[in-house]
1. Does P242 satisfy being modelled with pLDDT of 95 or more and in contact with a Lys or Arg (Cβ under 8 Å, 6 or more places away or on another chain)?
2. Test E309 against the criterion of being at pLDDT below 90, under 30 Å from A268 (Cα atoms) and surrounded by 15 or more Cβ atoms within 10 Å (Cβ to Cβ), and give yes or no.
3. Select, from Q285, Q267, the only residue that is of a type outside the set (G, A, S), without any contact (Cβ under 8 Å) to a residue 60 or more places away in the chain and within 16 Å of F306 (Cα to Cα).
4. Can we say D217 is of a type in the set (D, E, K, R) and without any contact (Cβ under 8 Å) to a residue 24 or more places away in the chain?
5. For the condition more than 30 Å from H234 (Cα to Cα), surrounded by fewer than 18 Cβ atoms within 10 Å (Cβ to Cβ) and either of a type outside the set (G, A, S) or modelled with pLDDT of 90 or more (or both), what is the one hit in E130, E115, E210, E120?
6. Consider segment 1-59. How many of its residues are among the aliphatic types (A, V, I, L, M), under 20 Å from T338 (Cα atoms) and touching a residue at least 60 places away in the same chain (Cβ under 8 Å)?
7. If you check L205 against the conditions, is it touching a strand residue (DSSP E or B) at 6+ places or on another chain (Cβ under 6 Å), touching a residue at least 24 places away in the same chain (Cβ under 8 Å) and either over 25 Å from M112 (Cα atoms) or not assigned by TED's automatic domain parsing to the domain that holds L258 (or both)?
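The values are calculated or read from the model by the stated rules, or taken from the named source; none is laboratory data. Owing to the predicted nature of the structure, the values given are computational and were not obtained by experimental measurement. Counting neighbours? That spans all protein chains shown, and the Cβs are built from the backbone with ideal geometry, glycine included.
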Amino acid sequence: MSTLGDAITTLRQSRGLSQTELADKIGATQVTLHRYEAGEREPRPEVVTELAAALGVTEQFLQHEFRLQGGVAQDAHMRKRKTTKAGDWKLVEARLNELRMSTTYFLARAPMRQEFTVPEVDMTVTSPEEAAQLTRARWRMPSGPVASITPWLEAAGIVVIVEDFPTPKIDGMSQWGKESAVMLVNGLLPLHRRRLTMTHELGHLVMHDEVLAGDDDVESEANAFAAEFLMPGHIIRNELRPLSGASAQRTISLLLTLKERWGTSMQALYERAFSLGVVDAARRQDFYKMMSARRWRTREPGDETFIPETPRLAPSIGGSLRANGLGDLQVAEMLGFTSTERISPFLPTPELRSHLRALG
């Protein structure tokens, strides 16, 4: 597939269009459009103009050399549940690709400075826990709980975007662009699950470059990375030890205290206690029976203590362009779009604008 064919496919899918529907918009047949997308036929200049208009992007954007990895998000790392409809995750996957393309297009002309880089590890000699420890060390993170994850991700050049997905069954996705990564997180998730999802996706970016998503071993490794990154074993083990012989009421009390301190769910904390050998399988089973009986498996007490993590890197792109006198339509064109309809992640919210003014 050609780069142009890749771009057409990604943008078409992101807009929920079939090949027939897009072909109708440009006065072509489905077979002809299929050949464009497959790279079997190069569209004439006037057809490129029509395609760009139909997809809401500039011609320059559509023809940019994106060098997409794996073609149409085939190597997107995703955190999803097995009951997810294929159409839903393909739509989110295409949206991730669109955001990655737009970010790559912008950064090709206005490179950003980043404080850290995402480490690369050899998983044949490195465990997920060691990969998490290495990442924290490379980023010079203080020991103990991570108060806010997003600033660390963005300092490493990862563009974090939170949007409501068409289903709550997909937690998030991430994917490398040319030199930076984009992480798309479901805004429908509870805040503690967003934190876990972002760290899970970070694990993929560190450990699984160019590895197809969905493999159970790969997902288990990302889970282990997230657990160690958020709850380092050498620190949290002693704090979890009281769970080993605690009553049900004492367990709830301890977990609520730890939840507020560590920024992870009660269930994630108990899973960490199990993985560290603090509690055995029988107590773990009893814990989940208790959680189910109280109907806490989906929504737990203490969720209100979490403070939303607000991405700032993507909105700062539009904010800096506005500060230089560009209007929103010009900002959209810098990102490759012909309208402002799809650029909200790159525009600062009123709260963020106030924050940026306060900084200087």
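1. Numbers: modelled with pLDDT of 95 or more: yes; in contact with a Lys or Arg (Cβ under 8 Å, 6 or more places away or on another chain): yes.
For P242, the condition - modelled with pLDDT of 95 or more and in contact with a Lys or Arg (Cβ under 8 Å, 6 or more places away or on another chain) - is met.
2. Working: at pLDDT below 90: yes; under 30 Å from A268 (Cα atoms): yes; surrounded by 15 or more Cβ atoms within 10 Å (Cβ to Cβ): yes.
Yes, satisfied.
3. Numbers: Q285 fails: within 16 Å of F306 (Cα to Cα).
On inspection, the qualifying residue turns out to be Q267.
4. Numbers: of a type in the set (D, E, K, R): yes; without any contact (Cβ under 8 Å) to a residue 24 or more places away in the chain: yes.
Yes, satisfied.
5. Details: E130 fails: more than 30 Å from H234 (Cα to Cα); E115 fails: more than 30 Å from H234 (Cα to Cα); E120 fails: more than 30 Å from H234 (Cα to Cα).
When all the criteria are applied, what remains is E210.
6. Filtering segment 1-59 for residues among the aliphatic types (A, V, I, L, M) gives 1, 4, 7-8, 11, 17, 22-23, 26, 28, 31, 33, 38, 47-48, 51-55, 57.
Retained after the next criterion (residues that are under 20 Å from T338 (Cα atoms)): 4, 7-8, 11, 17, 22-23, 26, 47-48, 51-55, 57.
Subset that is touching a residue at least 60 places away in the same chain (Cβ under 8 Å): 7, 11, 52-53, 57.
Number of matching residues: 5.
7. Working: touching a strand residue (DSSP E or B) at 6+ places or on another chain (Cβ under 6 Å): yes; touching a residue at least 24 places away in the same chain (Cβ under 8 Å): yes; either over 25 Å from M112 (Cα atoms) or not assigned by TED's automatic domain parsing to the domain that holds L258 (or both): yes.
In short, yes.
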